[in-house]
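J.: One structure follows; several queries about it will come next.
The values are calculated or read from the model by the stated rules, or taken from the named source; none is laboratory data. Note that the structure is a prediction, hence the values are computed from the model and not measured. Cβ atoms come from the backbone with ideal geometry, glycine included; neighbour counts cover every protein chain shown.
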Amino acid sequence: MKKIGVLTSGGDAPGMNACVRAVVRYAIYNGLTVYGIERGYSGLINNHMVEMNKRSVSDIIQRGGTILKTARCPEFREDKYMQIAVDNMEAYGIEGLVVIGGDGSYRGALDLYNKFGVKAVGIPGTIDNDLAYTDYTLGFDTSVNTVVSAINNLRDTMTSHDRVCIIEVMGRKCGDIALYAGISGGAEMILVPEVECDLKKIVKKISLNQRIGKTSDIIVLAEGVCKAEELKQELKDNGILGSIKTTTLGYIQRGGAPSMFDRVLAARCAVRAVDLLMQDKGGRVVGIKDNKIIDEDIAEALAQERHFDKELYDTAMILGL
Ligand code: ADP
């Protein structure tokens with residue numbers, strides 16, 4: 001394999017730039033030509049591909065977002081558009097593709113490989129940490145640290161005013177951002193989609209806290225459970241007195257300089273992905289298990305069921321008493 005492409009797809013995540021940089025530089029180091037494909041799969045369809053050199057990726061390791069831009073490209077699900085993408089890649093002589101994205105992006109990579117024989121390798125780039133085959137995805141650690149810092153700020157003001165605060169965080173159907181940020185920020189309660197929400201227990205805990213003079217509580221709520229305002233209403237309807245404030249952190253969680261962990265993960269995943277392509281292997285995804293870089297068949301990786309760390313959740317609940 002002499003020429004490869006790299007793209008970022010789906011929701012952006014801190015660490016994507018560090019990963020693009022590592023893919024480009026490691027590939028060039030190994031004598032490959034690398035094309036940066038703009039705006040995910042739509043760049044393949046619209047022929048937006050530029051040859052990268054070592055300097056094209058200067059000064060980006062510390063930046064969130066993605067210099068290649070990212071986009072959602074619904075037409076890529078249709079074979080006729082995928083065929084255009086494949087023809088364009090062939091015209092450039094691109095034989096392998098590194099796809100940095102989440103499960104949707106992986107499905108696109110799988111179709112490219114199964115239907116058209118394009119050697120595509122996936123690297124997990126999403127803040128949600130919702131891919132079962134890997135312990136961590138790029139961006140998750142940075143995002144959690146952003147939430148922890150927000151919890152610190154919110155706790156200052158909520159404690160001063162004796163308020164209960166509900167902080168709604170991202171993660172789609174996955175509660176990992178809420179769990180890890182909640183335990184790190186010392187949250188009194190963490191609500192995630194993986195654990196059934198017992199409203200009575202929450203009300204009891206807040207009421208008890210108020211009776212013993214603990215007048216401020218932090219509740220970290222995963223967006224996959226419900227909206228912060230809905231929970232606030234439920235608490236009020238169930239007799240919680242006093243001031244309840246809600247904060248939805250939103251897109252602030254998606255930006256920012258990637259953490260050390262995400263930068264190192266980006267470098268390690270990039271090296272494995274390029275190594276796989278140099279061995280002419282495609283249809284695989286790279287990840288991290290027990291601090292070792294692994295690669296797996298895409299279809300098998302996507303079929304795995306996510307494991308939620310209930311033990312860590314229970315610990316967080318005990319410590320947040
Ligand atoms: P993420 O990769 O973060 O999960 P999306 O689910 O939006 O984000 O997927 C990103 C892109 O991947 C989509 O815009 C589309 O181009 C492509 N994609 C998603 N699902 C499929 C599919 N089933 N077949 C082909 N391409 C897909």
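J.: For the range 11-34, name all the residues that are surrounded by fewer than 24 Cβ atoms within 10 Å (Cβ to Cβ) and more than 14 Å from residue 269 (Cα to Cα).
T.: Result: 11, 28, 29, 30, 31, 32, 33.
J.: Quick test for you: out of 96, 117, pick the one residue that is modelled with pLDDT of 95 or more, more than 16 Å from the ligand (Cβ to nearest atom) and not charged (D, E, K, R).
T.: 96
J.: Of everything in the range 81-94 that's of a type in the set (Gly, Ala, Ser) and at negative phi, which residue is surrounded by the most Cβ atoms within 10 Å (Cβ to Cβ)?
T.: Looking at the filtered set, the residue picked out is 85.
J.: A follow-up question, please. For the range 296-321, enumerate the residues that are within 18 Å of the chain's Cα centre (by Cα) and acidic (Asp, Glu).
T.: 305, 309
J.: Would you confirm whether any residue within the range 162-169 is within 15 Å of the ligand (Cβ to nearest atom) and at pLDDT 95 or above?
T.: No, the range 162-169 has no match at all.
J.: Show the residue pairs that are 6+ apart or on different chains and have beta-carbon atoms under 6 Å apart, the first residue being within the range 107-123 and in contact (Cβ under 8 Å) with a residue 40 or more places away in the chain, the second being hydroxyl-bearing (Ser, Thr, Tyr) and more than 8 Å from the ligand (Cβ to nearest atom).
T.: Taking only residues 6 or more apart or on different chains, the pairs are 120/113.
J.: May I pose another question? Please find, within the range 198-225, the residue that is surrounded by the fewest Cβ atoms within 10 Å (Cβ to Cβ) out of those that are farther than 24 Å from residue 156 by Cβ, of a type in the set (A, V, I, L, M) and modelled with pLDDT under 95.
T.: The qualifying residue surrounded by the fewest Cβ atoms within 10 Å (Cβ to Cβ) is 199.
J.: I need every pair where a residue in the range 81-97 that is closer than 20 Å to residue 122 by Cα and of a type outside the set (Ser, Thr, Tyr) has its Cβ under 6 Å from the Cβ of a residue that is surrounded by fewer than 21 Cβ atoms within 10 Å (Cβ to Cβ) and modelled with pLDDT under 95, sequence separation at least 6 or different chains.
T.: Short answer, once both residue conditions are applied: 95/1; 96/1.
J.: Do we have any residue at all in the range 138-153 that's part of a helix (DSSP H, G or I), farther than 27 Å from residue 99 by Cβ and modelled with pLDDT under 95?
T.: The answer is no, given that none of the residues of the range 138-153 is part of a helix (DSSP H, G or I), farther than 27 Å from residue 99 by Cβ and modelled with pLDDT under 95.
J.: Let me ask something additional. For the range 50-80, give me each residue that is crowded, with 20+ Cβ neighbours inside 10 Å, within 16 Å of the ligand (Cβ to nearest atom) and without any contact (Cβ under 8 Å) to a residue 60 or more places away in the chain.
T.: 66, 76
J.: Going by what's in this entry, would residue 107 be described as assigned to a loop (DSSP other than H, G, I, E, B) and near the ligand (Cβ under 10 Å from one of its atoms)?
T.: It is false that residue 107 is assigned to a loop (DSSP other than H, G, I, E, B) and near the ligand (Cβ under 10 Å from one of its atoms).
J.: Here's something else I'd like to know. Yes or no: the range 164-187 includes at least one residue that is in a helix (DSSP H, G or I) and surrounded by fewer than 18 Cβ atoms within 10 Å (Cβ to Cβ).
T.: Among the residues of the range 164-187, at least one is in a helix (DSSP H, G or I) and surrounded by fewer than 18 Cβ atoms within 10 Å (Cβ to Cβ), which makes the answer yes.
J.: Scan the range 120-145 residue by residue and report those that are surrounded by fewer than 24 Cβ atoms within 10 Å (Cβ to Cβ), away from the ligand (no atom under 16 Å from the Cβ) and farther than 22 Å from residue 68 by Cβ.
T.: Selection gives 135, 145.
J.: Still on this structure, I have one more. Touching a residue at least 24 places away in the same chain (Cβ under 8 Å), under 27 Å from residue 64 (Cβ atoms) and buried (at least 16 other Cβ atoms within 10 Å of the Cβ), is that true of residue 195?
T.: Answer is no for this residue.
J.: Among the residues of the range 226-258, how many are of a type in the set (Gly, Ala, Ser) and more than 16 Å from residue 202 (Cα to Cα)?
T.: Residues that pass the stated criteria total 4.
J.: Quickly run through the range 35-49 and pick out the residues that are polar (S, T, N, Q) and surrounded by 17 or more Cβ atoms within 10 Å (Cβ to Cβ).
T.: 42, the sole residue that qualifies.
J.: Additional query: List, please: which pairs have Cβ atoms under 6 Å, are six or more places apart or on different chains, and start with a residue in the range 254-268 that is more than 16 Å from residue 60 (Cβ to Cβ) and end with one that is part of a helix (DSSP H, G or I)?
T.: 261/141
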